Structure formats: C-alpha cells, structure tokens
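What follows is calculated from the coordinates using simple rules that are stated; it is not laboratory data. Since this is a predicted model, take the numbers as computed values, not measurements. Neighbour counts run over all protein chains shown; Cβ positions are idealised from the backbone, glycine included.
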Amino acid sequence: MCFVCGRENPIGLHVPFFVDGDAVVAEFVPQPEHQGYPGMMHGGLVTTLLDETIGRASFLRDMWTMTGRLEVRFRRPVPIGEKITVVARITRLRHNLMEAEGEVRLADGSVAVEGRGLYLKVPDEQLQELGTAAFGPGGLAAYLAERKEDE
C-alpha cells in the first residue's frame, strides 16, 4: 500500500521505478489533484516523490533503508500536466548508512528540485514485517515478481 508506488493504493501516485546504470529513475506526470498553487505540483508531494526515489537507490546495493535526514532545495515550480523525471544516486555507503542525492527534472531537462539525504539501513529482522506491510501478504518477493511479469 505504498503511497508512491503501491498499485493497490486507491489514492496513491502509482509511480513505476527503473534502474539506469548507477541511478534509480522515476517518471511521473502531475495531475490537477496534485497541485498546491494553481498549475504547480504541491511541494510536499514533490518531496515525497524525491524521497522515495532517493531511498530506492539503496536497492542497487540490496539494502532497505528508511529516511534519517532529507534536505530539499526548490529551484523552480514543478508544473502540472508535464512529465517530470526523478533521478537518484548513492554518494556514499557505510555499514548501515547510505548517503544519496537526487533531482527532479522538468520536461525540458532543467532541474527544478534537488535533494540529498542520509538513509538508515533497516535491520534484517524488520524486513519481513515491513515488506508485508508495504507490499501485501506476499511481501517484496511477490511485488517484484508481479512487476517482472508486467515487463
């Protein structure tokens, strides 16, 4: 039932993610229901999408993380109705900490929002519980299998 990626979440964003080299990428077209000021995506939703994409960079290292700290810089508004691309990369990895950064790019390629954060490794004993809560009874394995079938 993840708000960002969960297909079963009726009010979620339903964002697909993919890997491009050393980066995790998401593409999304904000709709009118995602706006704050007229014609602009709400900053909290932009931050949510950026946080989720940066956090997913940990999957590149077979690691689950949770946000410890996130700093966001808004450079320009994110317009409604135009595709945005969110790109995230790991900048430093330690035993149970990941530092990563990401950006939200507008359709013209310009950077609208930048973020960087510190993400904490989820202890192995919590993974099953979190996987079931986030992805349903089959957990992450079932979710990934379903995604693979759709490709």
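Details
- Taken as a whole, the condition of being assigned to a loop (DSSP other than H, G, I, E, B) and surrounded by 14 or more Cβ atoms within 10 Å (Cβ to Cβ) applies to residue 4.
- Some residue of the stretch 50-61 being surrounded by fewer than 18 Cβ atoms within 10 Å (Cβ to Cβ) and either more than 12 Å from the chain's Cα centre (by Cα) or β-branched (Val, Ile, Thr) (or both): yes
- Taken over the stretch 72-103, residues that are part of a strand (DSSP E or B) and more than 11 Å from residue 51 (Cβ to Cβ) amount to 16.
- Scan of the stretch 35-49 for residues that are closer than 15 Å to residue 4 by Cβ and either without any contact (Cβ under 8 Å) to a residue 60 or more places away in the chain or surrounded by fewer than 22 Cβ atoms within 10 Å (Cβ to Cβ) (or both), ordered by number: 41, 42, 44, 45, 47, 48, 49
- Within the stretch 111-131, the set of residues being assigned to a helix (DSSP H, G or I) and either small (Gly, Ala, Ser) or surrounded by 16 or more Cβ atoms within 10 Å (Cβ to Cβ) (or both) comprises 131 only.
- Candidate set from the stretch 95-111 (those that are touching a residue at least 40 places away in the same chain (Cβ under 8 Å) and of a type outside the set (Asp, Glu)); member that is nearest to residue 41 (Cα to Cα): 104
- When the stretch 15-45 is filtered for residues that are farther than 16 Å from residue 82 by Cα, within 11 Å of the chain's Cα centre (by Cα) and in a loop (DSSP other than H, G, I, E, B), only 16 remains.
- Test: residue in the stretch 52-74 that is touching a helix residue (DSSP H, G or I) at 6+ places or on another chain (Cβ under 9 Å) and of a type in the set (Asp, Glu): no
- With respect to the conditions (1) closer than 30 Å to residue 123 by Cβ; (2) touching a residue at least 60 places away in the same chain (Cβ under 8 Å), residue 85 lacks only one, and its number is (1).
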